[in-house]
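Every read-out reported here was derived from the displayed coordinates using simple, explicitly stated rules and does not represent laboratory data. These numbers were taken from a predicted model, which means no experiment stands behind them.
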């Protein structure tokens, strides 16, 4: 009987070991499967990371090239604008040192209210009019005219600069 109990105990122990081995093997197999899936996901993530880094590097390089082109255009335009400002300043100084001669023509075509001036009122103003007069522009008017001419030239240069930028697009 001792033999039968030992045999029965041996059979039970064998069954427990077999059951444990089967259960543990399935558990280990599931763990291996999860590990393989995790490794596959890691590989895909690494591949996507490498692709994203390459795309970022390409886009950054493209942006840097375009920025360099814009910087070069801006520098060239700035040089052009500075040259225009220098020329305007030179011409303004030249105008400041030179008296401005003007021709004065009245609405009737004459300098004074003479009868011959009234008779020529029907003709075009200033056209072949020998009775018009010339002289120097008064100093106050000279300063105002000089300031107006400078402002007009600056506006014209700024317009030309902006127009050139827009036409490049």
Handout entry: Fully extended contour minus Cα-Cα distance, from residue 50 to residue 103, at 0.36 nm per residue
Key = 11.2 nm
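Compute the length gained on full extension between residue 38 and residue 74: take 0.36 nm times their separation in residues and subtract their Cα-Cα distance, giving the result in nm to one decimal.
Fully extending the segment from residue 38 to residue 74 adds 7.7 nm.
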